[in-house]
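The values are calculated or read from the model by the stated rules, or taken from the named source; none is laboratory data. Computed from a predicted model, the values in this text were never measured in an experiment. Cβ atoms come from the backbone with ideal geometry, glycine included; neighbour counts cover every protein chain shown. We work out accessible area using only protein heavy atoms, side chains counted, and drop any ligands, DNA or RNA first. Shrake-Rupley method; radii C 1.70, N 1.55, O 1.52, S 1.80 Å.
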Amino acid sequence: VMEWWLYSEQEDIQDGMPVLAVVMIYIALIAVCLFIQALVWPENKPVTFEFFIPSVLLPTCVLTTILFFVKMVLSATVCYAEIRKYIAKSWEVELKTYARKNIALAAWTALTPLEQPALNMLKLEGEFPLAPKTPLRIEIEDLFEQTRNEQIFTKLLTPMAMMLNGNNYRGIEIIVWVRGGDNFCVDALRRGLEHLNIPNANACEIEYLTECPEYGMVDKWIAAPDDNVINRIVITVDMHEEDSDSKSMESACAFLFTNHYVRGAGEKPVYLYQPMSGVTDVEEKMPVYLEVESVIAPKTLWYTGLSRVDKYPLLQALDAKNLASERLDMEASLGEKSAGYRWLALALAADAVRYAQGEQLVATSENNKFAITSLSSKKTNLPDKAKWGHTIPPVVHSVIVSGGLMISWLFYNVSFTPKPEHISTLWIVASLAIPAIIAFGAGLSLTVLAVNKAYQHMGY
């Protein structure tokens with residue numbers, strides 16, 4: 001599972017030199033050297049190219065070598081800073097890529113005592129529901145041929161039966177949770193599938209969960225490779241015992257998740273983005289979640305089960321970026337917290353996307369473990385790869401320093417060293433190569449040191 005954190009903003013260091021000052025130094029140095037050379041030049045000797053070697057070429061070459069040596073040393077610091085920036089950017093790109101992975105909601109159904117809870121809570125139609133006036137129980141007929149669970153399963157799956165009977169979403173796996181239920185719910189679900197003539201009703205894999213699932217369960221589905229077809233139905237039934245009372249509203253939801261969505265005529269796709277789940281420090285993690293922008297501009301936040309230490313840091317992070325100005329508290333509308341609200345909130349947020357209400361956020365918390373996910377009808381673009389900064393490492397400058405040393409030494413020998421009759425070839429090669437090798441070695445060492453230091457300080 002990816003960790004939700006980002007590096008702090010990295011320092012930007014420049015190694016530029018004042019151009020005007022450098023030009024003035026060149027001019028002054030050459031002027032002084034020309035003046036000295038004019039004083040020592042024999043009076044009767046005509047001015048030849050030899051006059052300009054010690055007065056112009058040698059000082060120019062020496063000064064250039066010194067300047068590039070200084071740049072070589074300074075560039076080690078810049079190289080260190082650029083590597084840190086590159087590492088930070090690479091991690092940011094990796095986390096953004098992870099956060100922007102998604103899975104399609106090909107279909108979903110929500111049963112509640114309210115006819116159109118999403119439209120009501122969004123204030124698009126009807127009255128905004130407010131507990132405790134909200135009806136709490138789903139009306140279920142007392143049928144001899146079907147149990148209560150079979151009726152619920154049939155009502156949930158009927159709207160998506162045509163999809164499941166087609167060729168696009170065959171080979172489904174089902175995950176089901178029923179409050180107060182047991183493994184017999186699996187048999188009731190199979191009978192519901194058979195009643196709807198769903199193919200392979202007896203053979204499809206059904207997993208019964210004893211605890212209401214969390215959003216983090218879809219992580220592995222989103223991460224599945226493209227050639228691995230994922231068609232999974234998640235069913236949650238959060239209803240009271242027949243003879244019990246509760247201050248929570250009953251709900252039942254079904255979702256068809258797929259990573260190979262086939263868009264039907266008139267359908268609006270809804271994509272569920274990588275959830276951030278299992279968070280214990282919302283104040284630290286929420287700004288990171290918003291920074292990586294799984295969706296760009298969420299309009300509404302649906303939340304349930306949040307404690308004060310979850311809720312207020314969440315709202316503060318949203319306010320800091322002026323996002324999700326509409327905040328809908330499920331408990332305020334539907335009654336006391338219930339485990340099924342997290343999936344009902346997801347269904348209502350998906351309805352909001354379908355009703356052209358923009359991108360949505362859904363947040364929940366259970367046992368002090370915060371989770372949040374986002375929904376949109378559009379796929380957020382993956383980020384560009386991290387790019388290396390336009391800095392020149394010390395080893396490149398050392399090549400210029402090496403060349404400058406060789407040429408400077410050559411000009412110096414031509415101008416000031418007596419000309420022996422026999423000069424050792426080995427001595428010439430050594431006098432040119434040794435300073436160059438030393439300079440190149442210094443540049444290479446500075447580069448390796450800067451790279452290693454940067455990676456070490458960034459935690460690698």
- Note on the structure: Screening 315, 290, 272 for residues that are closer than 21 Å to residue 334 by Cβ and of a type outside the set (D, E, K, R) leaves only 315
- Evaluation of residue 258 against (1) open to solvent by 10 Å² or more (accessible area, probe 1.4 Å); (2) farther than 16 Å from residue 345 by Cα; (3) hydroxyl-bearing (Ser, Thr, Tyr) (one fails), failing number: (1)
- Matching residues in the range 202-212 - criterion: being surrounded by fewer than 18 Cβ atoms within 10 Å (Cβ to Cβ) and in a loop (DSSP other than H, G, I, E, B): 202, 203, 209, 210, 211
- Hey, does the range 423-436 have a residue that's farther than 30 Å from residue 102 by Cα and in contact with a Ser or Thr (Cβ under 6 Å, 6 or more places away or on another chain)? yes
- Item | Selection within the range 225-240 - in contact with a Phe, Trp or Tyr (Cβ under 8 Å, 6 or more places away or on another chain) and in a loop (DSSP other than H, G, I, E, B) | 230
- Task: Quick one: residue 96 ticks every box in (1) at pLDDT below 95; (2) within 33 Å of the chain's Cα centre (by Cα); (3) not hydroxyl-bearing (Ser, Thr, Tyr) except a single one, so which number is it?
- Result: (1)
- Note on the structure: Log entry, pairs with first residue in the range 236-251 being touching a residue at least 24 places away in the same chain (Cβ under 8 Å), second being open to solvent by 20 Å² or more (accessible area, probe 1.4 Å) and of a type in the set (A, V, I, L, M), beta carbons closer than 6 Å, six or more apart or on different chains, reads 249/136; 250/138
- Message: I'm checking my understanding of the structure. Among residues of the range 138-171 that are among the β-branched types (Val, Ile, Thr) and part of a loop (DSSP other than H, G, I, E, B), which one is surrounded by the most Cβ atoms within 10 Å (Cβ to Cβ)?
- Response: 138
- Qualifying positions in the range 184-198 - more than 39 Å from the chain's Cα centre (by Cα), open to solvent by 10 Å² or more (accessible area, probe 1.4 Å), more than 16 Å from residue 107 (Cβ to Cβ) and in contact (Cβ under 8 Å) with a residue 12 or more places away in the chain: 190, 191, 195, 197
